[in-house]
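*Asks:* Below you'll find the structure I mean.
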Amino acid sequence: MRTSAQEIGTALSLFYDGLPLLAIQRQLQQIYLDTVETSAIYRWVVKYTRQGIAAIRPYRANTSNTWVIDETVIQLDDGGNYWFLDCIDAGTRFLLASRISKARTIKDVEAVLSLGANNSTRTPRFIISDGLAAYPDSVERVFGLTLGIFEPEDRRTP
């Protein structure tokens with residue numbers, strides 16, 4: 001490639017810091033005195049992101065025995081609602097899995113838990129949730145056993 005690894009690395013870093021492609025282009029011009037097309041920067045992002053994902057795919061997070069699973073609704077301008085489901089390790093705060101879905105069904109929760117299990121070195125003993133009815137069945141289906149599911153104290157009924 002005619003562009004140095006350092007310049008490409010700077011572009012990727014700026015991209016993942018949230019800068020738009022035009023701002024990255026201007027920064028590269030100032031730093032390296034090199035005019036790079038935004039389309040080239042985009043190709044770098046796609047190419048090296050794919051390579052990075054492939055390189056880390058075999059690795060799994062060394063997690064604690066407690067996970068937190070939650071969901072939140074995302075309302076779009078067109079009036080449609082989607083659900084963002086995520087699974088986080090409570091000990092490391094590592095995001096094990098996330099998913100955007102049109103629903104919060106058992107299958108959606110299973111998908112998040114399965115991905116979390118694939119990304120973790122161990123099966124959790126406890127799962128902290130907000131009490132969504134789909135969680136207990138999903139935990140049993142994915143892990144084959146009943147896990148301790150705890151709701152936050154402010155959501156418990158006496």
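*Asks:* When you look at T63, is it touching a Phe, Trp or Tyr at 6+ places or on another chain (Cβ under 9 Å), touching a residue at least 24 places away in the same chain (Cβ under 8 Å) and under 21 Å from F126 (Cα atoms), yes or no? Before you say what the answer is, go through the steps one by one.
*Replies:* On the way: touching a Phe, Trp or Tyr at 6+ places or on another chain (Cβ under 9 Å): yes; touching a residue at least 24 places away in the same chain (Cβ under 8 Å): yes; under 21 Å from F126 (Cα atoms): yes.
Against the criterion (touching a Phe, Trp or Tyr at 6+ places or on another chain (Cβ under 9 Å), touching a residue at least 24 places away in the same chain (Cβ under 8 Å) and under 21 Å from F126 (Cα atoms)), T63 qualifies.
*Asks:* Identify, please: which residue in segment 1-54 is under 27 Å from the mean Cα position of the chain (by Cα) and not in a helix (DSSP H, G or I) and is, among those, surrounded by the most Cβ atoms within 10 Å (Cβ to Cβ)?
*Replies:* Here the answer is L19.
*Asks:* Cβ-Cβ under 8 Å, sequence separation 6+ or interchain: first residue in segment 16-41 and closer than 14 Å to S4 by Cβ, partner of a type in the set (S, T, Y) and surrounded by 15 or more Cβ atoms within 10 Å (Cβ to Cβ). Which pairs?
*Replies:* Sorted first by the residue in segment 16-41, then by its partner, the pairs are L28/T10; I31/T10; Y32/T10; D34/T3; V36/T3; A40/T3.
*Asks:* Only residues that are part of a loop (DSSP other than H, G, I, E, B) and surrounded by 13 or more Cβ atoms within 10 Å (Cβ to Cβ): list them for segment 66-90, please.
*Replies:* First pass over segment 66-90, keeping only residues part of a loop (DSSP other than H, G, I, E, B): 76-80, 90.
Passing the criteria: only A90.
*Asks:* Condition first: within 24 Å of V73 (Cα to Cα), buried (at least 18 other Cβ atoms within 10 Å of the Cβ) and either among the polar types (S, T, N, Q) or within 16 Å of the chain's Cα centre (by Cα) (or both). Now tell me which residues in segment 112-130 satisfy that.
*Replies:* Residues satisfying the conditions are V112, L113, G116, A117, S129.
*Asks:* Right, something else. Among the residues of segment 87-108, how many are under 13 Å from Y135 (Cβ atoms) and in contact with a strand residue (DSSP E or B) (Cβ under 8 Å, 6 or more places away or on another chain)?
*Replies:* Total satisfying the criteria: 3.
*Asks:* Also, quick follow-up: It is to be established whether one or more residues within segment 103-114 are of a type in the set (A, V, I, L, M), within 15 Å of T66 (Cα to Cα), modelled with pLDDT under 90 and outside any strand (DSSP E or B).
*Replies:* No, every residue in segment 103-114 fails to be of a type in the set (A, V, I, L, M), within 15 Å of T66 (Cα to Cα), modelled with pLDDT under 90 and outside any strand (DSSP E or B).
*Asks:* Among the residues of segment 133-143, what is the count of those that are surrounded by 18 or more Cβ atoms within 10 Å (Cβ to Cβ) and of a type in the set (A, V, I, L, M, F, W, C)? Walk me through it before giving the result.
*Replies:* First, pick out the residues of segment 133-143 that are surrounded by 18 or more Cβ atoms within 10 Å (Cβ to Cβ): 134-135, 138-139, 142.
Narrowing further to those that are of a type in the set (A, V, I, L, M, F, W, C): 134, 139, 142.
Residues in segment 133-143 being surrounded by 18 or more Cβ atoms within 10 Å (Cβ to Cβ) and of a type in the set (A, V, I, L, M, F, W, C): 3 in total.
The values are calculated or read from the model by the stated rules, or taken from the named source; none is laboratory data. Given the structure is predicted, the values throughout are model-derived calculations rather than measurements. Cβ: placed from backbone, ideal geometry, glycine included. Neighbour counts: every protein chain shown.
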